[in-house]
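The values are calculated or read from the model by the stated rules, or taken from the named source; none is laboratory data. None of the values given here were measured: they were computed from a predicted structure. Cβ: placed from backbone, ideal geometry, glycine included. Neighbour counts: every protein chain shown. Note: areas computed on protein heavy atoms with side chains; ligands, DNA, RNA excluded. Shrake-Rupley method; radii C 1.70, N 1.55, O 1.52, S 1.80 Å.
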Amino acid sequence: MKIILWNIKSGRDVSGNYNFEKMLSFLKEKKADLYLLNEVDNIYSERSGLDKQPELLAQNLATSYRFVPTIRRNFGNLILHKKELKDFQVFILPGDQEQRNVATFLVGEIKVFFTHLDYHKKINSLQMAFIKDHLNRENKKKLLFLGDLNNISIPEKIHYKSGVLVNHVKE
């Protein structure tokens, strides 16, 4: 299964300009089974042309989707999937700055945890502890923990139960 994880920053390019076509072209080129996108707008602001990004991306990539709002109901994380998602749940993470969450679901035999953690160190640590606790409760052999972790309080490897989670994977 091919997975793409990307903080799309509302579809803005490196110059800060909204460029939906460039983003879409990149995603199409990758031909993934599962796209996990952070900072997705859903009729959120002028910065993204008030586009319905979840719907537009799903249509253009021929996928189904689950939009998981974070800070506001029209801004958050997007899961674009070709395979059925089972046991889908969303847990609100601790923190008083912004409402963050972690979505969990099964794709085949793999249990996925997908999130976008806070950038404040203290809150980030609380959120990591919450997720680690949930990971430790899992009896699945195949777990995948992905998202924009904001890398503040996260060591290169996070140990849990009988496995290791790797913070980044490089090709």
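Surface composition of the range 1-128: carbon and sulfur make up 46 percent of the accessible area, probe 1.4 Å.
What aspartates and glutamates sit close enough to LYS132 to cross-link, taking a C-alpha to C-alpha distance under 15 Å and skipping anything fewer than 8 places away on the same chain? Partners within reach: GLU156.
Cross-link partners for LYS86 among the aspartates and glutamates, with Cα-Cα distance under 17 Å and sequence neighbours closer than 8 places in the same chain left out: ASP33, GLU109, GLU138.
Which order do ILE131, ILE92, ILE4 take when ranked by solvent-accessible area (1.4 Å probe, heavy atoms of all protein chains), largest first?
Highest to lowest solvent-accessible surface, that is ILE92, ILE4, ILE131.
Once the Cβ-Cβ distance between GLU84 and GLU55 is put in as r, and R0 is 22 Å, what FRET efficiency do you end up with, to the nearest 0.05? That pair, GLU84 with GLU55, gives E of 0.70.
Using DSSP, restrict attention to beta bridges with both residues in the range 74-154 and report what percent are antiparallel, rounded to the nearest 5.
Numbers: 12 of 18 bridges.
In the range 74-154, DSSP labels about 65 percent of beta bridges as antiparallel.
Go through LYS121/LYS141; LYS2/LYS121; LYS52/LYS83 and tell me which ones have a Cα-Cα distance over 26 Å in this structure. Checking Cα-Cα distances, LYS121/LYS141; LYS2/LYS121 exceed 26 Å. Simple rule: put +1 on each Lys or Arg Cβ and -1 on each Asp or Glu Cβ in the chain, find the dipole, and look at TRP6, GLN59, PHE88; the Cα lying farthest toward the positive end is PHE88. Across the chain, the mean sequence separation of Cα contacts (distance under 8 Å, 6 or more residues apart), normalised by length, yields a relative contact order of 15 percent. Across the protein chains, with a 1.4 Å probe defining accessible surface, the residues VAL68, VAL14, VAL90 rank VAL14, VAL90, VAL68 from largest area downward.
Place a point 7 Å from Cα of SER45 in the direction of its Cβ. Which residues in the range 58-100 have their backbone N less than 14 Å from it? Answer for the range 58-100: 71-76.
Here the simple spin-label model places points 7 Å from the Cα toward Cβ, and for GLN99 and SER125 these points are separated by 2.7 nm.
3J(HN,Hα) couplings calculated from phi for the range 109-119 with the Karplus curve 6.51 cos²θ - 1.76 cosθ + 1.60 (θ = phi - 60°) are, in sequence order, 9, 9, 8, 9, 10, 10, 8, 9, 7, 5, 8 Hz; Gly and Pro show x. Each residue of the range 5-21 is assigned a 3J(HN,Hα), and the resulting list reads 10, 7, 8, 7, 6, 6, x, 7, 7, 4, 8, x, 8, 5, 9, 4, 4 Hz, derived from the Karplus form 6.51 cos²θ - 1.76 cosθ + 1.60 (θ = phi - 60°), x at Gly and Pro. Note on surface exposure: ARG100, ARG73, ARG137, ARG47 rank ARG73, ARG137, ARG47, ARG100 by accessible area, highest first, 1.4 Å probe. Here each label is just a point 7 Å from Cα along the line to Cβ, and for ARG72 and ASN139 those points are 4.3 nm apart.
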